[in-house]
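> Structure provided below as structure tokens; questions to follow.
The values are calculated or read from the model by the stated rules, or taken from the named source; none is laboratory data. For clarity, every value in this text was computed on a predicted model and none was experimentally measured. Here Cβ is always computed from backbone atoms with ideal geometry, including for glycine, and neighbour counts include all displayed protein chains. Each accessible area value is taken on the protein alone, full model and side chains, heavy atoms only, with ligands, DNA and RNA left out. Shrake-Rupley method; radii C 1.70, N 1.55, O 1.52, S 1.80 Å.
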Amino acid sequence: MYGSIAAGRADEEAPLQPSSPYAATKASADLLAMAAHHTFGQDVVITRSANNYGPNQHPEKLVPMIITNARQQRPLTIQGAGDDIRDWLYVVDNCQAIDLVMRKGVAGEVYNIGGFERRTVLEVVASLQALLGFPASQVVHVAERLGHDHRYAVDDTKLRRALGWQPSTSLAAGLTKTVRALQH
């Protein structure tokens with residue numbers, strides 16, 4: 001929603017600059033929810049999360065796609081050069097943060113949920129390769145989708161300071177848990 005971040009991290013006050021219709025729908029939903037809070041006093045809190053991964057994620061997303069296609073010896077498609085940077089957040093950590101914000105967050109506030117595990121797509125693929133043992137030749141680069149952001153980075157200082165939250169699952173541990181869950 002914040003768009004591609006050239007440097008640093010976007011805090012909750014950063015302007016929403018969606019680059020795609022998908023991101024624009026998320027930004028619009030935030031604005032609609034906040035308008036309901038301001039107009040009708042609805043108890044609304046908004047969370048904006050880093051890039052999630054974990055078991056039960058839709059198979060079109062990077063991590064489950066790599067795991068599934070690697071096992072089936074199908075091509076592992078990577079958009080562009082694979083140098084896009086994401087802040088990776090294990091889904092259980094994200095759910096715990098959302099639960100905390102729902103219970104203790106201040107109505108009308110926005111809270112970013114970060115993972116502080118910034119890696120390129122290729123770095124994540126290399127971690128999965130180490131876990132799964134697929135050959136590098138299985139990785140195929142395809143064109144980037146339109147409206148693609150090169151770098152996402154959210155600043156979750158507000159959440160950490162106000163509610164004492166921090167992620168508890170490292171990227172290495174989260175990927176291992178995800179691989180194990182998807183093997184059954």
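> Taking ASP43 as meeting all but one of (1) more than 30 Å from ARG180 (Cα to Cα); (2) free of Cβ contacts under 8 Å to residues at least 12 places away in the same chain, write down the number of the exception.
Only one criterion in (1) more than 30 Å from ARG180 (Cα to Cα); (2) free of Cβ contacts under 8 Å to residues at least 12 places away in the same chain is unmet by ASP43, namely (2).
> Out of everything in region 71-86 that is among the charged types (D, E, K, R) and open to solvent by less than 30 Å² (accessible area, probe 1.4 Å), what residue ends up being farthest from ALA162 (Cα to Cα)?
ASP84
> Here is a check on your reading of the model: is SER20 on the phi < 0 side of the Ramachandran plot and either surrounded by fewer than 18 Cβ atoms within 10 Å (Cβ to Cβ) or of a type in the set (Asp, Glu) (or both)?
Spelling it out, SER20 is indeed on the phi < 0 side of the Ramachandran plot and either surrounded by fewer than 18 Cβ atoms within 10 Å (Cβ to Cβ) or of a type in the set (Asp, Glu) (or both).
> Here's another thing I want to ask about it. Which count do you get for residues in region 131-165 that are of a type outside the set (Lys, Arg) and free of Cβ contacts under 8 Å to residues at least 24 places away in the same chain?
Total meeting the criteria: 5.
> I need the strands (runs of 3 or more DSSP E) fully contained in region 98-184, keeping only those with at least 1 residues that are more than 25 Å from HIS38 (Cα to Cα) and either open to solvent by less than 40 Å² (accessible area, probe 1.4 Å) or of a type in the set (S, T, N, Q) (or both).
118-120, 139-142
> Just to be sure, is ALA6 open to solvent by 80 Å² or more (accessible area, probe 1.4 Å), closer than 30 Å to HIS141 by Cβ and among the small types (Gly, Ala, Ser)?
So ALA6 passes the test.
> Please go through region 75-111 and pick out each residue that is at pLDDT below 95 and of a type in the set (D, E, K, R).
ASP83, ASP84, ARG86, ASP87
> Also, I was wondering about something else. Among the residues of region 136-156, is there at least one that is over 24 Å from PRO59 (Cα atoms) and either out of contact with any Lys or Arg (no Cβ under 6 Å at 6 or more places or on another chain) or aliphatic (A, V, I, L, M) (or both)?
yes
> Taking only pairs six or more apart or across chains, which ones have beta-carbon atoms under 6 Å, a first residue in region 12-31 that is under 21 Å from GLY105 (Cα atoms) and touching a residue at least 60 places away in the same chain (Cβ under 8 Å), and a second residue that is outside any loop (DSSP other than H, G, I, E, B) and open to solvent by less than 50 Å² (accessible area, probe 1.4 Å)?
Cβ pairs passing all conditions: GLU12/VAL110; GLU12/ASN112; ASP30/ILE46.
> How many residues, within region 1-22, are more than 23 Å from ARG118 (Cα to Cα) and assigned to a loop (DSSP other than H, G, I, E, B)?
Result for region 1-22: 0.
> Output the residues belonging to region 23-70 that are over 23 Å from ALA153 (Cβ atoms), in a loop (DSSP other than H, G, I, E, B) and open to solvent by less than 50 Å² (accessible area, probe 1.4 Å).
Selection gives VAL44, PRO55.
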